[in-house]
Amino acid sequence: PYVDTKVILENADKHGYGVPALNINNLEFLHYIIEAGVKKNSPVIIETSQGAMKYAGNGDFRKGAEIFVKMVKAFADEVDIPVALHLDHGKSFEHIVAAIKAGYSSVMIDASEHPFEENMKITKEIVKIAHAAGVSVEAELGQLAGIEDEAVAAENVLVDPDEAKKFVEETGVDFLAPAVGTSHGAFKFKGAAKIDYDRIKKVKEYTKIPLVLHGASSVVPEFVEIAEKHGADFGGAKGVPSEILQEAVKCGINKVNTDTDLRIAFVAGLREFLNANPKEFDPRKYFKLAREYTIKVITDRMDVLGSTGKA
Ligand SMILES: O=C(COP(=O)(O)O)N(O)CCCCOP(=O)(O)O
Ligand SMILES: [Ca+2]
Ligand code: NA
Ligand SMILES: [Zn+2]
């Protein structure tokens, strides 16, 4: 069934496990996520960025939002696992309202590049509107290095747990994404992978709400190698290893945003299949390995995070 994100995350918070939040831009990835969730009897949070809304609507993000809600509900109505749809990195008021109007389960207002007071003011406004429509809200404190939509944060700005306490109390936000050292994309760490567990623990202790880890892809070496064997150039790619994700969940993370891992697994399978089957042009065939690898990376993640069997 199609559910509120809050229902999924409050259960994860209560029982101390993580739920993968998986980004889509098209039907293929949605298909694979649902198959993985059913296979592992795991709840799933589907999420779309503002760019994905635009892509699905062929330039019209409002249409894209409506199309995504209909697509996700069509699948959700057919399966027994809980499925939620979330707007990821909502930055513009128009995109957030479009998602709420279209029927998204939850929205993120990412105003973290603004000063603290401004972030709080904007978030408070979105919480009021979203809650009036029965939609839950995620916000962010601190900044992840790397490209994040329009805002390119130069380097990491880690969350201040005392600010987090005030922020949650004043805004009434349902979930919080504290910046703790990760970044988006495939090149997350120059040196060893490391995140600030102590900050996660403190934010959890002070806010007592479900927490979100952004930039959480592992950049799985197995799939990076397959992609590179078949022509990809991902030199220097490095992600968050499973053990670090498991420790982060123990410290209080409940929603684990994952996009890059799906992208790498898919393109690895696509490259491998196309290289090996020069005569094939049936899309029901040439996505075969891409589908297999993408489902594998999702089902492995459900096992790592502990959402397996929790549907
Ligand atoms: O935190 C994450 C996942 O990060 P990761 O999967 O790169 O580690 N996310 O929020 C996903 C970011 C999706 C970016 O979407 P666009 O390219 O459409 O703007
Ligand atoms: Ca941000
Ligand atoms: Na999000
Ligand atoms: Zn993110």
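Each value in this text was obtained by applying a stated rule to the coordinates, not by laboratory testing. These numbers come from a predicted model, not from an experiment. For neighbour counting, all protein chains shown are included, and Cβ atoms are generated from backbone atoms with ideal geometry for every residue, glycine included.
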Packing-ranked peptide list from 253-265, 44-56, 107-119, highest mean Cβ count within 10 angstrom first, is 253-265, 44-56, 107-119
State whether the chain is rounded, prolate or oblate according to the following rule on the C-alpha gyration tensor (a ≥ b ≥ c being the square roots of its eigenvalues): a/c under 1.5 gives rounded; otherwise a/b larger than b/c gives prolate, and the remaining case gives oblate. prolate
In terms of modelled amide H atoms, which long-range or inter-chain residues lie less than 5 Å from the amide H of Val19? Lys255, Val256
List the residues, sorted by chain then number, that are 5 or more residues from Leu141 or on another chain and whose placed amide H is less than 5 Å from its amide H. Ala177, Ala179
Rounded to whole Hz, the Karplus (6.51, -1.76, 1.60) HN-Hα couplings of segment 52-62, x for glycine and proline: 5, 4, 5, 4, 5, x, 6, x, 9, 5, 5
Could you order the peptides 281-288, 121-128 from most to least packed, using the average number of other C-beta atoms within 10 Å per residue? 121-128, 281-288
Rounded to the nearest 10 degrees, what's the angle between the helix 116-132 long axis and the longest principal axis of the chain, both from Cα atoms, 0 to 90? 80 degrees
Would you please put 86-96, 26-36 in order of how densely packed they are, using the mean number of other Cβ atoms within 10 angstrom per residue and starting with the highest? 86-96, 26-36
Give the relative contact order (percent, whole number) for segment 213-311; include only Cα pairs under 8 Å separated by 6+ residues. 32 percent
Dividing the mean separation of Cα pairs under 8 Å (6+ apart) by the residue count of the chain yields a relative contact order in percent of 20 percent
Phi angles of segment 105-114, converted by Karplus (6.51 cos²θ - 1.76 cosθ + 1.60, θ = phi - 60°) into ³J(HN,Hα) in whole Hz with x for Gly and Pro, give 6, 7, 9, 9, 9, 9, 10, 6, 7, 8
Backbone HN-Hα couplings from phi across segment 260-276 [Karplus 6.51/-1.76/1.60, Hz, Gly and Pro as x]: 3, 4, 5, 5, 6, 4, 5, 5, 5, x, 5, 4, 4, 5, 5, 5, 8
How big is Rg to Rh over segment 193-311, alpha-carbon atoms, Rh as the Kirkwood inverse-mean-distance radius? 1.08
Taking Cα atoms, the helix 242-251 axis meets the longest principal axis of the chain at an angle in degrees (rounded to 10) of 20 degrees
Mean residue ellipticity at 222 nm from the helices of the chain, using -39,500 (n - 2.57) per DSSP H segment of n ≥ 4 over the full residue count, to the nearest 500 deg cm²/dmol? -15500 deg cm²/dmol
